[in-house]
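Below is one structure, written out as structure tokens; comments come after it.
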Amino acid sequence: MRKLKIGMLSFAHSHAFDYLDSLLRMRNVEVAGIADEAPERTKELAARHSIPYYADYRDLLADASVEAVVICSENVRHAELTIASAKAGKHVLCEKPLGLGAEEMESMIAACKEAGVELMTAFPCRYLTPVVRAKEALERGEIGEILSFKATNRGSFPDVPWFSDKSLSGGGAVLDHTVHVMDLMNWFTGSNPASVYAYAATLFDPEGKRTIDDAGMVHVTFENGVSAVLDPSWSRNPGFPTWGDVTMDIIGTKGVISIDAFNQKNSVYSRKSGKGDWAFWGDDMNALMLEAFVTAILEGKPVPVTGEDGLRSARVALRAYDSVEAGSPVKV
Amino acid sequence: MIKVAVVGCGGMGNIHADRYASMPEASLVGVCDVNEAAAKALGDAMGVLWFTSMAEMLKEVGAEAVSLAVPTYLHVPLLKEAADLGVHVICEKPIALSSAEAAEAIRYCEERGVRLFVGHVVRFFPNYEQLAGKVREFGGERGGVYHAKRAGSHPALVQPWFKDAAKSGGVVFDLMIHDIDYALGTFGEATEVFAFNKVTDDIDYATATFRFKNGTIAQIEAFWGYPGPFYTSFEYAAAGGIVRGASSDSESLSVRVAAPPGSAAGFVETPQSVLLQDPYYRELAHFLSCIESGGEPIVTAKDALLAVRWAEAALESARTGQPVKLGEGGAR
């Protein structure tokens with residue numbers, strides 16, 4: 001079996017640790033290098049798995065045997081790393097949001113096209129089994145035409161500090177948690193978001209010191225008239241039994257599909273933690289997403305979730321902030 | 001002991017009559033409906049006189065208060081007629097189909113010295129009463145993110161007048177008004193609303209996000225034509241904590257009966273959330289105690305007027321695609 005040699009660029013986003021776990025379990029993958037600017041985060045981890053460690057990502061990109069990279073840097077560095085990787089001839093799987101501006105994302109897409117490499121946006125929610133089954137039910141026409149969505153992607157305030165630094169993250173909860181579900185809505189409707197109107201606020205810091213938005217409500221109207229409401233808030237506190245959720249009601253002319261993607265759980269009450277926890281036992285979306293990426297590259301096929309997909313949903317999140325400023329809906 | 005009569009012998013009228021009949025502080029003295037069969041059936045069941053004319057009933061039985069459980073477009077004409085006869089009015093929600101009519105109804109009753117109460121029953125649900133306490137406890141000064149949902153089959157399947165927006169006001173005026181009233185009673189002054197409304201032959205679905213002066217974002221959905229059992233749910237998340245509940249999660253008693261042989265279903269199931277005094281009982285008893293004491297009710301007629309204003313604003317937003325400022329109309 002041919003193995004795809006993958007390099008990992010930055011572990012600033014903690015999803016990198018989950019992705020590494022999944023990649024290490026895949027028989028058709030060799031993790032050929034970890035490049036991370038913070039050695040305290042990853043140097044030992046790399047050594048433990050006998051993976052070459054690089055303090056400078058350019059050294060990893062210089063390894064011609066590496067065919068693809070997974071980028072989990074701060075959001076603000078996605079463009080730099082993606083473009084450098086493309087120029088080095090590596091296929092790219094980039095953490096969401098793809099970029100922090102439409103032009104920036106377009107240049108990432110163009111760089112990959114020019115270099116003839118694939119660019120995939122990391123939208124693992126596409127690989128949630130209930131989401132896949134919902135898409136199939138929609139395609140069978142089971143609920144008629146879509147009229148409206150109501151969705152939540154509520155989460156916990158990220159424990160990595162750069163998320164609350166706008167110069168590194170580009171935005172708070174409205175950016176971080178709008179893109180996942182926007183992508184699902186784009187996928188489900190097959191239409192494009194036409195306008196967005198959002199609220200953004202900072203409501204969930206018990207100490208009242210936070211400045212980045214951790215609360216919001218995003219309203220979208222699609223070109224085909226479908227409307228959508230999405231709560232992207234980082235509203236879960238440590239007392240809540242799990243980190244967050246992905247829920248969606250799809251209201252159709254002939255029925256309703258309700259997704260509660262992480263509801264496959266056992267309730268766990270441990271003396272040690274002192275609180276109730278929900279332990280998820282459903283399919284592993286990260287592993288399924290990585291398999292899809294690796295399979296596409298190995299088979300020389302286009303990746304299933306593209307840079308354009310990443311741009312399409314990130315643009316809605318970025319325009320959402322503009323609508324907050326404007327106090328009125330803005331065109332996407 | 002207050003002598004009470006009930007006008008309208010449909011679903012709600014049956015509930016009012018039944019609760020009054022079981023209330024030590026009330027004496028049910030008559031029921032009335034233009035549909036003679038409905039009036040007779042309820043009158044006979046309750047062992048009270050029945051009528052087909054409200055004026056005739058009020059004069060004959062000496063009622064001190066009357067419940068109006070009639071289609072919405074009849075609320076104002078009937079409450080004026082009762083006020084002219086000096087009878088206190090307990091009117092089902094919504095008070096009227098426009099804020100102008102609602103204000104006129106309040107003025108009319110005040111001038112004639114009769115009390116006017118509006119049956120916004122959600123304030124009397126113990127789970128929502130508890131929620132309001134948690135909102136105060138968790139929200140602090142900054143507010144939080146609130147979700148509320150109310151969904152069920154289309155009431156026009158049973159009572160065709162619901163489908164005529166000129167008579168019922170549609171799902172916003174008839175169903176969402178519950179959560180609008182609850183929000184205005186719980187979160188205080190709202191500044192604006194942004195809403196969508198999707199109406200087909202089978203469906204009336206509305207979703208409205210209210211922004212409050214204290215920062216709270218309240219996202220409210222109301223759904224007629226939902227293909228499933230009636231249900232309600234809420235979640236409030238703020239810096240201090242999260243509180244959530246759903247009707248489907250709070251059933252305390254389920255009666256399951258084997259279906260008769262030959263029927264398609266294997267069993268008949270009736271899940272219930274049982275209380276010694278249900279919310280309707282608590283609401284009606286509260287209104288009667290206010291009549292006796294002259295005290296202010298938990299939910300005032302002015303609140304009911306405000307709820308109508310907010311409902312009008314939500315529909316305006318849905319119609320124009322723009323957020324609608326509530327201005328003076330946002331304050332209690």
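The values are calculated or read from the model by the stated rules, or taken from the named source; none is laboratory data. This is a predicted model, so every value here is computed, not measured. Every residue, glycine among them, receives a Cβ derived from its backbone with ideal geometry; neighbour counts consider all protein chains shown. Accessible surface areas use protein heavy atoms only, side chains included; no ligands, DNA or RNA. Shrake-Rupley method; radii C 1.70, N 1.55, O 1.52, S 1.80 Å.
Remark: A:L93 falls outside the filter, which requires a residue to be under 29 Å from A:T178 (Cα atoms), part of a helix (DSSP H, G or I), open to solvent by less than 10 Å² (accessible area, probe 1.4 Å) and at pLDDT 95 or above. In region B:60-129, counting only strands (runs of 3 or more DSSP E) that sit wholly within it, the ones holding 3 or more residues that are in contact with a Ser or Thr (Cβ under 9 Å, 6 or more places away or on another chain) and crowded, with 22+ Cβ neighbours inside 10 Å span B:88-92, B:116-119.
With respect to being within 27 Å of A:P304 (Cβ to Cβ), in contact with an Asp or Glu (Cβ under 8 Å, 6 or more places away or on another chain) and either facing another protein chain (nearest Cβ under 9 Å) or modelled with pLDDT of 95 or more (or both), A:D205 falls outside the description. With the condition kept exactly as written, say whether any residue in region A:185-194 is β-branched (V, I, T), surrounded by fewer than 22 Cβ atoms within 10 Å (Cβ to Cβ), within 7 Å of chain B (Cβ to nearest Cβ) and not in a loop (DSSP other than H, G, I, E, B). No: region A:185-194 contains no residue that is β-branched (V, I, T), surrounded by fewer than 22 Cβ atoms within 10 Å (Cβ to Cβ), within 7 Å of chain B (Cβ to nearest Cβ) and not in a loop (DSSP other than H, G, I, E, B).
Among the residues of region B:187-207, at least one is more than 10 Å from every other protein chain (Cβ to nearest Cβ) and part of a helix (DSSP H, G or I). How about region B:225-253: which of its residues are open to solvent by less than 10 Å² (accessible area, probe 1.4 Å) and either of a type in the set (S, T, Y) or away from every other protein chain (no Cβ under 11 Å) (or both)? Scanning region B:225-253 gives a single hit, B:Y236. Summed over region B:9-37, residues that are more than 20 Å from B:D278 (Cα to Cα), out of contact with any helix residue (DSSP H, G or I) (no Cβ under 8 Å at 6 or more places or on another chain) and touching a residue at least 12 places away in the same chain (Cβ under 8 Å) total 3. Restricting attention to region A:49-63, does a residue exist that is touching a residue at least 12 places away in the same chain (Cβ under 8 Å), in a loop (DSSP other than H, G, I, E, B) and crowded, with 24+ Cβ neighbours inside 10 Å? No: region A:49-63 contains no residue that is touching a residue at least 12 places away in the same chain (Cβ under 8 Å), in a loop (DSSP other than H, G, I, E, B) and crowded, with 24+ Cβ neighbours inside 10 Å.
Would you check if there is a residue in region A:309-325 being within 14 Å of another protein chain (Cβ to nearest Cβ) and surrounded by fewer than 17 Cβ atoms within 10 Å (Cβ to Cβ)? Yes, because at least one residue in region A:309-325 is within 14 Å of another protein chain (Cβ to nearest Cβ) and surrounded by fewer than 17 Cβ atoms within 10 Å (Cβ to Cβ). Note on region A:210-246: residues that are more than 10 Å from every other protein chain (Cβ to nearest Cβ), open to solvent by 10 Å² or more (accessible area, probe 1.4 Å) and not in a loop (DSSP other than H, G, I, E, B) amount to 0. Of all the criteria given as (1) over 26 Å from A:I6 (Cβ atoms); (2) open to solvent by 30 Å² or more (accessible area, probe 1.4 Å), the one not satisfied by A:D284 is (1). Residues being polar (S, T, N, Q), open to solvent by less than 10 Å² (accessible area, probe 1.4 Å) and within 22 Å of B:V121 (Cβ to Cβ) are represented in region B:162-181 by at least one member. Given the criteria of a type in the set (S, T, N, Q) and under 26 Å from A:L138 (Cβ atoms), does A:S227 qualify? Criteria met by A:S227. Taken over region A:1-48, the residue count meeting the criterion of being of a type in the set (S, T, Y), farther than 15 Å from A:L81 by Cα and open to solvent by less than 10 Å² (accessible area, probe 1.4 Å) is 3.
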